[in-house]
1. Could you please report the charge total around residue 152, scoring K, R as +1 and D, E as -1 over all other residues with beta-carbon less than 13 angstrom from its beta-carbon?
2. On the first, second and third principal axes, largest extent first, how far apart are the outermost C-alpha atoms of the stretch 45-152 in Å?
3. In Å, what is the Rg of the alpha-carbon atoms in the stretch 205-262, and how long is Dmax?
4. Within the stretch 145-270, count lysine pairs with alpha carbon atoms under 13 angstrom apart where the residues are 8 or more positions apart or belong to different chains.
5. Select from 87, 20, 274 the residue farthest towards the positive end of the dipole of the chain; place +1 on Cβ of Lys and Arg, -1 on Cβ of Asp and Glu, and compute about the Cα centre.
6. Dipole magnitude of the chain about its Cα centre, charges +1 at Lys/Arg Cβ and -1 at Asp/Glu Cβ only, in debye to the nearest 20?
7. Considering every Cα-Cα pair within the stretch 1-99, what fraction, in whole percent, is farther apart than 17 Å?
8. Hey, in the GNM for the chain with a 10 angstrom Cα cutoff, which one of 277, 88, 66 fluctuates hardest?
Amino acid sequence: MNNNPIFIPIASGKGGVGKSIITANLALSLANSGHSVVAIDLDLGGSNLYSYLALGNKYPGIGDYLTSKKGKLKDYLIRTNFENLQFLAAEHRIAFMANIAHAQKVKLINEIKNIQADYILLDLGAGTTFNTLDYFDFSKNGIVITTFEKPAIFNTLSFIKNFIHRVALKEAKQNHKLNLEINKAYKNIVGDEFLKINDIIEIIEQIDPELALKITDLCKSYHPRIIFNRGTHPDQLEVINHLQPSIKRNLSVELCFFGFLFEDVSVNLSSNKGSVLLDEYPECIASKGINEIAKRIAKFNNKVIPNSSDLLIKDTQEKFELWNSDLVY
Ligand SMILES: Nc1ncnc2c1ncn2[C@@H]1O[C@H](COP(=O)(O)OP(=O)(O)O)[C@@H](O)[C@H]1O
Ligand SMILES: [Mg+2]
């Protein structure tokens with residue numbers, strides 16, 4: 001058991017792209033390799049991670065902890081049917097949990113940091129509410145899931161843009177004058193322009209150059225990991241080359257292209273049966289893909305992966321050739 005867990009927040013700009021199924025099965029894959037793992041449902045207000053872990057919606061969780069005001073969050077951890085894998089539920093009977101106040105969020109984040117495990121996976125709600133952006137900040141290498149559909153890709157970039165703005169603004173907030181200037185800049189946007197992180201750093205530079213440097217370094221320390229889900233062919237990864245110029249221009253953050261999962265009918269079959277994909281269909285291509293990603297997580301942990309896009313493209317092509325006979329669309 002590890003006192004310094006590796007946190008893996010799993011987010012997406014668009015809903016329905018596979019966050020929860022991937023969280024559940026990555027958690028099981030890491031647990032199957034002997035790591036102690038906790039899967040937390042942080043999609044407060046839209047939770048369903050329990051079902052992807054073949055559990056009922058009957059366990060008290062984060063909502064009960066926050067409203068009962070007693071005990072520790074870790075008292076709400078429950079065993080799953082799988083060795084090494086524990087689960088923390090969201091809010092099976094408490095309404096409006098997506099909107100918890102700032103103080104409650106801070107308390108929740110601190111309590112999650114007190115849970116002991118090798119890996120703690122956090123299934124987040126879709127979109128860019130402040131709460132979700134702050135949960136994504138559990139790691140410098142959080143995972144963002146996308147499909148290859150254009151709206152999902154656009155929302156992925158928008159999620160990362162919002163996240164980095166949030167990181168920068170939280171730092172700048174301590175300086176009142178700066179805060180006013182930044183708010184003014186947000187309000188003065190005209191036409192279809194939008195404020196880039198570099199624009200904000202320029203404003204900061206004029207008032208507090210040291211802080212501007214600090215924030216630039218801070219933003220650069222994040223390497224969100226992108227997993228493409230529901231792919232049908234490795235050539236779809238060409239989208240990375242189309243995205244790179246826009247990422248460089250607008251995001252000021254280096255993305256890590258981390259995984260590719262194939263479209264697989266077994267995903268739906270397992271959830272309809274109420275079983276866990278990796279347990280029910282361990283040999284299907286989605287399970288194989290999840291196991292590959294789990295191995296990559298354990299191999300790199302929080303390290304930066306150089307040339308991630310080349311590596312991902314090469315690996316996906318190899319797997320496509322290897323698994324081609326199993327692919328059924
Ligand atoms: N690789 C895949 N192949 C086929 N279906 C998938 C795949 N990944 C996800 N799905 C389907 O997409 C739907 C949404 O998945 P879910 O994990 O609930 O998304 P989210 O948590 O992002 O809202 C589910 O019905 C799931 O079965
Ligand atoms: Mg979900």
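Laboratory data are not the source of any read-out in this text; all were calculated from the coordinates shown. Note that the structure is predicted; figures quoted are calculated from it, not measured. FYI the Cβ positions are ideal-geometry reconstructions off the backbone, even for glycines, and counts take in every protein chain you see.
1. Overall, the nearby charge balance is +3.
2. The principal-axis extents, from largest down, are 44, 34, 27 Å.
3. Every Cα atom of the stretch 205-262 included, Rg and Dmax give 15.6, 50 Å.
4. The result is 6.
5. 87
6. Rounded to the nearest 20 debye, it is 960 debye.
7. Cα-Cα pairs in the stretch 1-99 separated by more than 17 Å: 51 percent.
8. 66
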